[in-house]
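In what follows, a single structure is set out as structure tokens and then discussed.
The values are calculated or read from the model by the stated rules, or taken from the named source; none is laboratory data. Just so you know, these numbers come straight off a predicted model, no measurement behind them. Ideal geometry is used to build each Cβ from the backbone, glycine not excepted, and the neighbour counts take in all protein chains shown.
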Amino acid sequence: MPEYDTGAVRRLLVEVFPDEEEFGLFCEDYFPEVPGKFAEGMSLQRKAQTLTQHCVQNGLLDKLLLVVERTNRSKYQEYKDILFLPDVSPASSAPALTQTSESKTVDAPSSTTRAAEPAASAPSAPPASPVPTNGAAEPAAEPQGQDIFISYSTKNLDFVQQLYQKLTSRGLSVWFDKQSIEGATQWRESIVTGIMNCKVFLLVLSPESAASDNVRKEIDLAEHHKKKIFPLMWRDVKPLPPSIQYQLAGTQYISFDGTPSEENFDKVFHVVNRLLGGSAVAEAAAGEQAIQAAGITDKAAASSAPTPGSGRPRRGTAPEVSAIAAGIGVMTKVVDRIEGFTPPEKDANNTELKWLFVAADHFLNIRRGEAQRTVGVPVDTPPEAETTQPAKNVTLLASLDDFSMQMIESQIQGIIKQINIYMRNLAFELDKQAQLGGQAGSNIALKNSIDAQQKAIIERTQELANLMQQIYGVKVYAPDIVAEKLP
């Protein structure tokens, strides 16, 4: 058996889970006996070491690395050759973490994959970057290891080819799929691998890409794997679909306004270079306009954000759960993935869900003393909602007393917490489905698990809608409509 380098395992955990709350949730999901060993004030590094030692003592290191690989494949790939002590050869002794039926990337092309494509689980060594030329060659079929992944609609292919040539001619490593995937029932495995292994996710926004189910899934996968997402507005999208709007809220972008100008290509190159050098999007694209989302980036939402340093919960209290994060998950991981809805139907339902979760967040802000009761929900009431208040931005019903508010607050927090738990499980299963590609269709257990998680999420969302009707007098129908479309 190989001998693990526990120090390398600990460092990998810290890089995959830099947020202490996310690390704690990971432990609760897969190693529930470990959080009880964490002492108050223990550093993230010490918690990672505690988890590592627990797995060593109980023979669970293989499981630990397997779920870490599923969580962040690209970071795992960076570490996998140093996870064993030098006198052990990982090539000959390491457990086949990527070859189990649950975690491997498909070895054979699916029915939607070009026959010439190599398997998505190709050797981990990244291919050489394209040689700079004045006329860049066609993108490679296999995206594994490329620094930049371009997400786009094939209806904007001419612009994307120009973008590709401008970036690769300056020595950047770029990949995009030049063949249509709009009609495919499954993603290509190479696309999933490309997103998971890229460093920068370059999103070409247009009315066509905003309406594309596959582009929406690509954004969701990039966000889930914590990729640096940088949007280019090729042609203006008014308004952005609610799910995309919320995923990209506050993110700077470069607007081309339908013209492939050299000035904007230069801007993109310099921003991407800074991103590859380690800068965050906010720093790399400083000065550029940002995507706005009512309830997230407006002043009302900003005032409810915790002050830096104040995020630690008081002793004996549970940390706050995020209604906004739950809402984004319901939009992107449930509604946007239902094939029975047209894009306009998805957007109409997501508009109501956007109001629903922002209203819940607004109510919790009021209960925390971070918003006034007389201030309205910072999102307009959906046009098809049933409401007893004529105002566009409804306020709490005057008949609602403090005791009732206290009871409803507890119910809302419980619902949001349950949705977030189901959402983490669903994200894990959708990640597995994406990696399996064409083979996912034959995995009945996986499909049933995804269906069950989505159903549980929508049931909780229906409960939340009933509570919002009680406190705002607004009835939204999206949760019921979505429930009818689920298996």
Requested in this report: Would you check if I415 is under 30 Å from K217 (Cα atoms), outside any loop (DSSP other than H, G, I, E, B) and β-branched (V, I, T)?
Outcome: yes
**Report entry** Residues of segment 212-242 satisfying the condition of being more than 14 Å from the chain's Cα centre (by Cα) and in a loop (DSSP other than H, G, I, E, B)
**Finding:** S212, W234, R235, D236, V237, K238, P239, L240, P241
Query raised in the report: Can we say L248 is touching a residue at least 12 places away in the same chain (Cβ under 8 Å), surrounded by 19 or more Cβ atoms within 10 Å (Cβ to Cβ) and more than 16 Å from the chain's Cα centre (by Cα)?
Result: no
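To keep it simple, each residue is scored yes or no on (1) surrounded by 15 or more Cβ atoms within 10 Å (Cβ to Cβ); (2) not charged (D, E, K, R).
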residue: R337; (1), (2): yes, no
residue: F341; (1), (2): yes, yes
residue: P344; (1), (2): no, yes
residue: N349; (1), (2): yes, yes
residue: V358; (1), (2): yes, yes
residue: F363; (1), (2): yes, yes
residue: R373; (1), (2): no, no
residue: V379; (1), (2): yes, yes
residue: A385; (1), (2): yes, yes
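Pick out the one residue from T52, T6 that is at negative phi, touching a Lys or Arg at 6+ places or on another chain (Cβ under 7 Å) and free of Cβ contacts under 8 Å to residues at least 60 places away in the same chain.
Working: T6 fails: touching a Lys or Arg at 6+ places or on another chain (Cβ under 7 Å).
Only one candidate qualifies: T52.
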**Report entry** Evaluation of A305 against (1) under 22 Å from the mean Cα position of the chain (by Cα); (2) surrounded by 15 or more Cβ atoms within 10 Å (Cβ to Cβ); (3) modelled with pLDDT under 90 (one fails), failing number
**Finding:** (2)
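Conditions (1) modelled with pLDDT of 95 or more; (2) out of contact with any strand residue (DSSP E or B) (no Cβ under 7 Å at 6 or more places or on another chain); (3) assigned to a helix (DSSP H, G or I), marked per residue:
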| position | (1), (2), (3) |
| --- | --- |
| I296 | no, yes, no |
| A326 | no, yes, yes |
| F341 | no, yes, no |
| F357 | yes, yes, yes |
| N365 | no, yes, yes |
| G369 | no, yes, no |
| Q372 | no, yes, no |
| V379 | no, yes, no |
| E384 | no, yes, no |
